[in-house]
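There's a structure below that I have some questions on.
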Amino acid sequence: MSKIFLMLSLVLAGITSVYAQNTVLFDNQSGDPALVKLIGPTQAEVEVPNGAKAGTDATAGRYTIKVRYGTPGKYRYSKDEEFEVKETATTRSDITITLHKVVAGNYDSKPISEEEFGKAEHKSSPSVSKPQKSVSPESNPALEQKVYSLLITDEHAPGTMPQSETHFVITCAVQTETTAEQLKAKFGEPKLIERDVKYDTMQKGMIPSSHQGDLWFYGRLGVLIENGNAVVVVRRAIIQGAGKESLARAMVEAMNIGKPPQ
């Protein structure tokens, strides 16, 4: 337990990892549920309930968003101005976009048709579909433990804790060589896939390593697939609320993903 509190104290002290991920967060104050399409180098679809916040990691580059507000039979659509996600060797972007029914947020938008909302853009990069509670995939402890025990043989191996406004994240390099096909043969198709995401971690000898690919979820346990191979195990938990206690709960939850009950 002392390790947990030590790690938490480092996070709360404001230490920012050079391996942090850029994040784009949507704050829905529109009065209606919203489906946001993020269009750019990273493409994603994020469902944001009214009054809630949800987001996604994003690589650096120029982006725009399309938004569908409302419920079936009462939809309306908008497209918003372009914005930029920036990063350097030591800094990352944390961007929050407020969704409003009328022009009142921090981001200009214009109405569009249903046809334009559904039109594919940047076809070379597949989109991501996330369920209503996309920020926290459905829990399956038994499956998470099986996948984790296959890929991670030394739980004390070095990893990283990328900083995110929406999640507490822990990454670790895969220690047992495993292909995507082997994962599917053993555990079936993943229930959720996030396309074209990037995570950094530490290899043996404390050597930093960066990877980009599709993030497959088996329960809450993420496995980054790059060039047909499992390369990074990602454990992340949504930060519910604000303050140190919320961060502590998310950290403990992330650390326990894939581990047998104590």
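Can you give me the number of residues within region 62-97 that are under 21 Å from the mean Cα position of the chain (by Cα) and closer than 11 Å to SER109 by Cβ?
Of the residues in region 62-97, 5 are under 21 Å from the mean Cα position of the chain (by Cα) and closer than 11 Å to SER109 by Cβ.
Please determine whether any residue of region 37-49 is of a type in the set (S, T, N, Q), at pLDDT below 90, in contact with a His (Cβ under 7 Å, 6 or more places away or on another chain) and not assigned by TED's automatic domain parsing to the domain that holds ASP196.
yes
Here's another thing I want to ask about it. Anything in region 39-61 that is under 11 Å from the mean Cα position of the chain (by Cα) and part of a strand (DSSP E or B)? List them, or say none.
Once the filter is applied, which keeps residues that are under 11 Å from the mean Cα position of the chain (by Cα) and part of a strand (DSSP E or B), region 39-61 yields ALA44, VAL46, ALA54, GLY55, THR56, ASP57.
Check SER139, SER125 and return the single one that is in contact with a Lys or Arg (Cβ under 8 Å, 6 or more places away or on another chain), part of a loop (DSSP other than H, G, I, E, B) and either assigned by TED's automatic domain parsing to the domain that holds GLY243 or at pLDDT 90 or above (or both).
Only one candidate qualifies: SER139.
What pairs come out if I take residues in region 234-245 that are outside the structural domain of GLY51 (by TED's automatic domain parsing) and pair them with residues that are assigned to a strand (DSSP E or B) and of a type in the set (Gly, Ala, Ser) whose C-beta lies under 7 Å away, six or more apart or interchain?
Once the first residue is outside the structural domain of GLY51 (by TED's automatic domain parsing) and sits in region 234-245, its partners that are assigned to a strand (DSSP E or B) and of a type in the set (Gly, Ala, Ser) give VAL234/GLY222; ARG236/GLY222.
The values are calculated or read from the model by the stated rules, or taken from the named source; none is laboratory data. This one's a predicted model, so the numbers in the text were calculated from it and none came from an experiment. All Cβ positions, even for glycine, are placed from backbone atoms using ideal geometry, and neighbour counts span all protein chains on display.
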